[in-house]
Structure formats: C-alpha cells, structure tokens
Amino acid sequence: QVHLVESGGGLVQPGGSLRLSCAASGFTLDNYAMGWFRQAPGKEREGVPCISSLDNSTYFEDSVKGRFTISRDYAKNTVYLEMNSLKPEDTAVYYCAADREWLISTVQAMCVTRVSDYWGQGTQVTVSS
C-alpha cells in the first residue's frame, strides 16, 4: 500500500529555516511527480513547489520563489522541502503529494490544479516569534 509520511515540521522564528521530509513507501519516485502543498486556516490549499520525475522541471508558487527548494533522494525514496527566510505567512499544514507521470512533465498542472494521486497526512509549520 502507498504511504507518504511527512516529518520535520515545528515552530520556527521569522527568518529561520526548516527542512521537511516526505518518506514514500509502496511505490518508487521514478515515475511520479512530487509536490508540496500547504493549507493555512481559512485559506485554500495551494501548491508550493512541484517537481517532475521525467526532466526535473519545477514549478514554484510565487511567494516562495528564491526561498524554498524541493529535492529528491531516489536511494532513500524521500522528497525534501528546504524552507529559508520563513515568514509568518508561511504558517500552514504542509502536505506531500505524488502524481503519476507518463510521457511528459505535468508539474505545473499538478501544483495549480491541486490534483494528485496520493497524499500524506501533513505536518504543521508555524512561523512565529
């Protein structure tokens, strides 16, 4: 069975950094686009970054460009989200997602439409002094 398990969330001061991890099981990352999504209270879920397994193309939400980085470790079957220069507006539950890719990259569609095959349970990130 497929599982995505997020970890690494917590409380951090504005300007600080966090690294989130998403451990995948039941499938390999080779043929799946991976993404991180977040949802703050009273707001819709939004795609943060998504990355293709086919060509490593990425899509970033505008507010996190230059601050967040998504990466993969195929040997560990794990996806990471490195977050720097964190702001209170980044406070949200962060979800890991996996979406099957076939012939071409669809990471933009994944992030924008918020549609994915598999989802993790989420991890809380709170940015506050």
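The values are calculated or read from the model by the stated rules, or taken from the named source; none is laboratory data. Computed from a prediction, not measured in an experiment: that's the story for all the values here. Ideal geometry is used to build each Cβ from the backbone, glycine not excepted, and the neighbour counts take in all protein chains shown. When the accessible area is computed, the model is the full protein with side chains, heavy atoms only, and any ligands, DNA or RNA have been set aside. Shrake-Rupley method; radii C 1.70, N 1.55, O 1.52, S 1.80 Å.
Points to keep in mind about this one:
- Two-decimal ratio, the chain, of alpha-carbon radius of gyration to 2.2 N^0.38 Å: 0.98
- Charge dipole (debye, nearest 20) of the chain; +1 at Cβ of Lys and Arg, -1 at Cβ of Asp and Glu: 240
- Of all accessible heavy-atom area on the chain, the percent that carbon and sulfur account for (1.4 Å): 48
- Reported to the nearest whole Å, the Cα centre-to-centre distance from segment 61-129 to segment 1-55 is 4.
- Using C-alpha pairs under 8 Å with a sequence gap of at least 6, the mean separation divided by the residue count of the chain gives a relative contact order of 36 percent.
- Segment V112-E89, length gained on full extension (0.36 nm per residue, minus Cα span): 6.4 nm
- For GluC sites (Glu not before Pro), the sites in segment 25-97 that DSSP calls loop and that have at most 15 other Cβ atoms within 10 Å are E44.
- Accessible surface computed residue by residue for the chain, with neighbouring protein chains in place and a 1.4 Å probe, gives 51 Å² per residue.
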